[in-house]
Amino acid sequence: MRRPVIAGNWKCHTRLESARALAAGLRERVDALDGIEKVVCPPFVYLSAVREALAASSIRLGSQDVHWEDDVAATGEVGPQMVAELADYAVIGHSERRHQFGETDEMVNRKVKAALAAGLKPIMCVGETLEERQADLTEQVLMRQTRSGLAGVELPDGFIIAYEPVWAIGTGTPATGEDAASASAAIRQEVAAMFGPDKAETIRILYGGSVTPENIAEFMSQANIDGALVGGASLRVDAFSSIVEEAARVKAGAR
Ligand code: PGA
């Protein structure tokens, strides 16, 4: 049985005090909830403060990105060993990194390898743009991003891939449960082709893009979807906690 994961991506939001307050609020609401991995990904500069706010809780910490090397001249970057001192997870290849900052499949691959070597759990993001979807290229894009992102990787059981259609991110227009499930199936199939069906059965595939407390059940009730990567709704204690609670409830019912 794959352990479900709900991860909150705070993006370039919060300030020191609001980051602390958000973490403290979540701790109060969902710390005791088990059977599901809960992860928050604050901006790098607040990792330490949020780590303190979540000390000895069941909520884990992730970074929103990670460089592929430590101890190099790479101004502005944060290396995997640095992140691993504070966090357990690292979002890699988010579409905002790919499309606003020119991150390539090859860079994603280097980051995934470096994160794993440093003991981090990558949350590798893949997803098609609206143009690619309209040109019927969704599966092709997902296959390419999955194949390049995982090339030469020694894949641990439970590895996390987030399927995030670019057109659904921050738009209030989520994919349908059915579309997200078929995209997830294509990703799992590609992992099976690369690493074998047994390994592919262990990997966790999250859906991301306009997830809310109202629509999370539609995604969690799909057998191929093991959780969610949440942006906007992860900035509110009530909304993110409700998503976590609802996700745990649906997956517990499916067992
Ligand atoms: P959203 O963002 O939930 O605000 O659509 C999701 C993401 O970018 O991870």
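The values are calculated or read from the model by the stated rules, or taken from the named source; none is laboratory data. Computed from a predicted model, the values in this text were never measured in an experiment. Every residue, glycine as well, gets a Cβ built from its backbone with ideal geometry; the counts of neighbours run over all protein chains shown. For accessibility, only protein heavy atoms count, side chains too; no ligands or nucleic acids. Shrake-Rupley method; radii C 1.70, N 1.55, O 1.52, S 1.80 Å.
Take the range 47-69 and flag every residue that is surrounded by fewer than 20 Cβ atoms within 10 Å (Cβ to Cβ) and over 18 Å from the mean Cα position of the chain (by Cα).
Correct list: SER48, ALA49, ARG51, GLU52, ALA55, ALA56, SER57, GLU69.
Quick check on my filter: what residues within the range 199-222 are in a helix (DSSP H, G or I) and open to solvent by 10 Å² or more (accessible area, probe 1.4 Å)? Before the answer, list the steps.
Taking the range 199-222 as the starting set, the residues that turn out to be in a helix (DSSP H, G or I) are 199-202, 216-220.
If the condition is that a residue be in a helix (DSSP H, G or I) and open to solvent by 10 Å² or more (accessible area, probe 1.4 Å), then LYS199, GLU201, THR202, ALA217, GLU218 are the ones that fit.
Can you name every residue in the range 224-242 that is more than 10 Å from the ligand (Cβ to nearest atom) and either among the hydroxyl-bearing types (Ser, Thr, Tyr) or in a strand (DSSP E or B) (or both)?
Result: GLY227, SER241, SER242.
Could you tell me how many of the residues in the range 70-99 are assigned to a loop (DSSP other than H, G, I, E, B) and either touching an Asp or Glu at 6+ places or on another chain (Cβ under 9 Å) or open to solvent by 40 Å² or more (accessible area, probe 1.4 Å) (or both)?
So the first thing to find is which residues in the range 70-99 are assigned to a loop (DSSP other than H, G, I, E, B), and the list is 70-79, 87-88, 93-94.
Keeping just the survivors that are either touching an Asp or Glu at 6+ places or on another chain (Cβ under 9 Å) or open to solvent by 40 Å² or more (accessible area, probe 1.4 Å) (or both) gives 71-73, 75-79, 88, 93-94.
So the count comes out to 11.
Give me a count of the residues in the range 140-171 that are surrounded by fewer than 17 Cβ atoms within 10 Å (Cβ to Cβ), acidic (Asp, Glu) and under 20 Å from ALA228 (Cα atoms).
The number of residues fulfilling the criteria is 1.
Return the pairs, sorted by first residue and then second, in which the second residue is among the polar types (S, T, N, Q), the first residue lies in the range 84-99 and is within 12 Å of the ligand (Cβ to nearest atom), the beta carbons are less than 6 Å apart, and the residues are 6+ apart or on different chains.
VAL91/GLN64
Mind checking whether some residue in the range 100-108 is hydrophobic (A, V, I, L, M, F, W, C), touching a strand residue (DSSP E or B) at 6+ places or on another chain (Cβ under 9 Å) and buried (at least 21 other Cβ atoms within 10 Å of the Cβ)?
yes
If LEU155 satisfies every condition in (1) in a helix (DSSP H, G or I); (2) in contact (Cβ under 8 Å) with a residue 12 or more places away in the chain; (3) more than 19 Å from ASP179 (Cβ to Cβ) but one, which is the exception?
(1)
Residues that are among the charged types (D, E, K, R) and touching a strand residue (DSSP E or B) at 6+ places or on another chain (Cβ under 7 Å): does the range 165-186 have at least one? Outline the logic, then answer.
Step one: filter the range 165-186 for residues among the charged types (D, E, K, R), giving 178-179.
From what is left, the residues that are touching a strand residue (DSSP E or B) at 6+ places or on another chain (Cβ under 7 Å) are none.
Among the residues of the range 165-186, not one is among the charged types (D, E, K, R) and touching a strand residue (DSSP E or B) at 6+ places or on another chain (Cβ under 7 Å), which makes the answer no.
So, of the residues in the range 105-131 that are under 21 Å from THR171 (Cβ atoms) and touching a residue at least 24 places away in the same chain (Cβ under 8 Å), which turns out to be nearest to the ligand (Cβ to nearest atom)? Spell out the reasoning first.
Step one: of the range 105-131, the residues under 21 Å from THR171 (Cβ atoms) are 123, 125-131.
In the following step, the residues that additionally are touching a residue at least 24 places away in the same chain (Cβ under 8 Å) were identified as 123, 125-130.
Working: ILE123: 9, CYS125: 7, VAL126: 12, GLY127: 9, GLU128: 14, THR129: 14, LEU130: 14 Å.
Checking each candidate, the answer is CYS125.
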